[in-house]
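Since every read-out is calculated from the coordinates, none of them should be taken as a lab result. For clarity, every value in this text was computed on a predicted model and none was experimentally measured. Cβ atoms come from the backbone with ideal geometry, glycine included; neighbour counts cover every protein chain shown.
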Amino acid sequence: MGAYTLECPWCGRSITDHYTLRCDTCDGLIRAKYGARQLSLKSLPGMWRYYDWLPAKGYIDTPGKPITYKSEGLAKELGLKDLYISFNGYWPEMGAHMDTCSFKELEAPPTIVRAREHGGRAMVLASAGNTARAFAHISTITGFPVILVVPETGAHNIWIPGREPGDAIKLITMEKGNDYSDAIKLSERISALNGMMPEGGARNVARRDGMGVAMLDAAVFMKRMPDDYFQAIGSGTGGIAAWEAALRLREDGRFGERLPRLRLAQNLPFAPMYRAWKAGRRDIVPELDMPDAKKQISEMYTDILSNRNPPYGIKGGVYDALADTGGEMYAITNDEAIAAKKVFEDSEGIDILPPAAVAVAALMQACENGLDKRRSVLLNITGGGFERIKKEKSINKVEPCLKVSGPDVPLDDMLKVIGWPALSEKSLTL
Ligand SMILES: *Cc1c(COP(=O)(O)O)cnc(C)c1O
Ligand SMILES: [Zn+2]
């Protein structure tokens, strides 16, 4: 139970987990290899039902899990016979309790458990998006210290649903003039401290296997893997995760032999992976695939999908996931996404986040371009229910505990203000 090792499928090494993020020998993505070849469902809270295939020994009491259901409204709208939706967000009648309203809430719990089990006393990340909110929420539930480093302008995105933010969240904002690269720089300095764990991005197996739960839940509900998997991507980590989950389901033997085709969507005008894939390239060429990136990003419907350095060409990354599954990329205009959002909301009865609307638009585009209507399709609604939760629960902003002038501020003073290491000692009693 809970047994796993890490392995690098690209050079064949097996690696003992010390919250390891990289293979020493090659640069490929390492994977968790689980003792259980066949998935058995556990009676544990939320996503921990899929404990067998999560890289942790323990678990925490978090209610969030994806909810898979068979669509009627949107399916009828599009003429699809077998459309399934993986809903990640807040929708109480459906049993959906990811209160920060995105599938980043599948990433935070196993990442925190994994970090804690390998000597982590706090987690640090540079993000003011859905990831930061998910980690802040899980920190509030568990008391595990999470340090968020963000440019001032992003701080308003960090809120806790339904209760006051916990003491263990330390929000550090950076004065005007600092951007995300500055936040990343400062968070990297902090992560070098003893006991401080970086979130790890796509290289973190807990992040990927947490997100992969959407595919597992769908396959269990459908009693087979879907033919197609639609998702909007910025980094593509969720796409890689869906592919890896499908590889395990194939190995299991009870969910079919054929891997779902990944159908991944980006939001124009910033669509580097779409452009590289369409040109048949394994590598993103910045001059061709994201000329004037800053301007393009400012013109997107949703900049959540705007990663400039995605794990695309890396071994085991998005390119390999698309190639191995016979996948396809889609590019969605702002107008298409806005129209798709309305179609989904009117036909399914729940609000969705802009990135999820990009996935819906990709499905609509595929249908128009001749997708066989008898195929079984899984649509990942990666975020939703925000309008809904705002009406039902309080949205409590996390206040910054410190504002710094730049990425090179002295760490000592900063750590005193956030109460480290005393903070971390308290968390040891968890
Ligand atoms: C992060 C995020 C995405 C993109 O996920 P990746 O697979 O990591 O690119 C899509 N939708 C929502 C709501 C997100 O928060
Ligand atoms: Zn390797």
Task: Reachable aspartates and glutamates, given that their alpha-carbon falls under 15 Å from the alpha-carbon of LYS403 and they are not under 8 places away in the same chain - done: GLU152, GLU175, ASP179, ASP182, ASP412, ASP413
TODO: Measure nothing fancy, just the Cα-based angle from helix 130-142's long axis to the longest principal axis of the chain, in degrees from 0 to 90, nearest 10.
DONE: 60
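Using Cα pairs closer than 8 Å and at least 6 residues apart in sequence, work out the relative contact order for the chain, in percent.
On the way: 943 pairs, mean separation 85.4, N = 430.
Computed value for the chain: 20 percent relative contact order.
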TODO: Using a/c under 1.5 as the rounded threshold, could you call region 249-357 rounded, prolate or oblate? The axes a ≥ b ≥ c are square roots of the C-alpha gyration tensor eigenvalues, and prolate needs a/b larger than b/c, oblate otherwise.
DONE: oblate
Task: Of LEU74, THR100, PRO9, farthest towards positive along the dipole that unit charges on Lys, Arg, Asp, Glu beta carbons give the chain - done: PRO9
- [ ] Going by C-beta contacts inside 10 Å, put PHE135, PHE221 in order with the fewest on the left.
- [x] PHE221, PHE135
Task: Dipole in debye (nearest 20) - region 327-430, about Cα centre, beta carbon charges: Lys, Arg +1; Asp, Glu -1 - done: 340
- [ ] With N denoting the number of residues in region 307-390, provide Rg(C-alpha) divided by 2.2 N^0.38 Å, to two decimal places.
- [x] 1.23
Task: Qualifying aspartates and glutamates (Cα of each under 14 Å from Cα of LYS390; at least 8 residues distant if same chain) - done: ASP99, ASP351
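Which number do you get for Rg(Cα) / (2.2 N^0.38 Å) in the chain? Mind dumping the intermediate values first?
Numbers: Rg = 20.4 Å, N = 430, 2.2 N^0.38 = 22.0 Å.
Cα-based Rg divided by the globular estimate yields 0.93.
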Open item on the list: Under the rule that an exposed site lies in a DSSP loop and has at most 12 other Cβ atoms within 10 Å, name the longest stretch of the chain with no GluC sites (Glu not before Pro) of that kind, not counting the sites themselves.
Closed with: 258-430
TODO: Return the whole-Å distance between the Cα centroid of region 327-354 and the Cα centroid of region 161-213.
DONE: 29
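Please give the per residue volume of the convex hull enclosing the alpha carbon atoms of region 1-144, rounded to a whole number of Å³. Before the final figure, lay out each step's value.
On the way: hull volume 23.4 nm³, N = 144.
Dividing the Cα hull volume of region 1-144 by its residue count gives 162 Å³.
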Task: Burial ordering of HIS118, HIS18, fewest other beta-carbon atoms within 10 Å first - done: HIS18, HIS118
Open item on the list: Looking at the chain only, what percent of DSSP beta bridges run antiparallel? Nearest 5 please.
Closed with: 35
Task: Contour minus Cα-Cα distance for MET94 and GLU287 (0.36 nm per residue) - done: 65.0 nm
TODO: Sort region 188-329 into rounded, prolate or oblate with this rule: let a ≥ b ≥ c be the square roots of the eigenvalues of the Cα gyration tensor; rounded if a/c is under 1.5, and if a/c is not under 1.5, prolate when a/b is larger than b/c, oblate otherwise.
DONE: oblate
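Net charge near MET273: determine it from the other residues with C-beta under 14 Å of the C-beta of MET273, scoring Lys and Arg +1 and Asp and Glu -1. Mind dumping the intermediate values first?
On the way: positive: ARG263, ARG275, LYS278, ARG281, ARG282, ARG308; negative: ASP283, ASP289, ASP320, GLU328.
Taking every other residue near MET273 into account, the sum is +2.
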- [ ] Below 28 Å Cα-Cα, how many Lys pairs turn up in region 1-99? Only count pairs eight or more apart in sequence, or on different chains, if you could.
- [x] 10
Task: Cβ-based charge dipole, region 269-368, positive-most Cα from ILE332, ALA356, MET290 - done: MET290
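How much length is gained if the chain between VAL409 and GLU175 is pulled fully straight, taking 0.36 nm per residue apart and subtracting their Cα-Cα distance, in nm to one decimal?
Values: separation 234, 0.36 × 234 = 84.24 nm, distance 1.18 nm.
Computed gain between VAL409 and GLU175 is 83.1 nm.
Using Cα pairs closer than 8 Å and at least 6 residues apart in sequence, work out the relative contact order for region 276-430, in percent. Spell out each step's value before the answer.
Numbers: 106 pairs, mean separation 23.3, N = 155.
About 15 percent, as a whole number.
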Open item on the list: Quick check: the angle from helix 354-368's long axis to the longest principal axis of the chain, C-alpha only, nearest 10 degrees?
Closed with: 20
Open item on the list: Quick check: the angle from helix 334-348's long axis to the longest principal axis of the chain, C-alpha only, nearest 10 degrees?
Closed with: 80
TODO: Determine the dipole magnitude for region 187-306: charges of +1 sit on the beta-carbon of Lys and Arg, -1 on that of Asp and Glu, nothing else is charged, the reference point is the Cα centre, and the result goes in debye to the nearest 20.
DONE: 260
Task: Amide hydrogen neighbours beyond the local backbone of VAL404, cut-off 5 Å, H modeled - done: THR173, MET174, GLU175
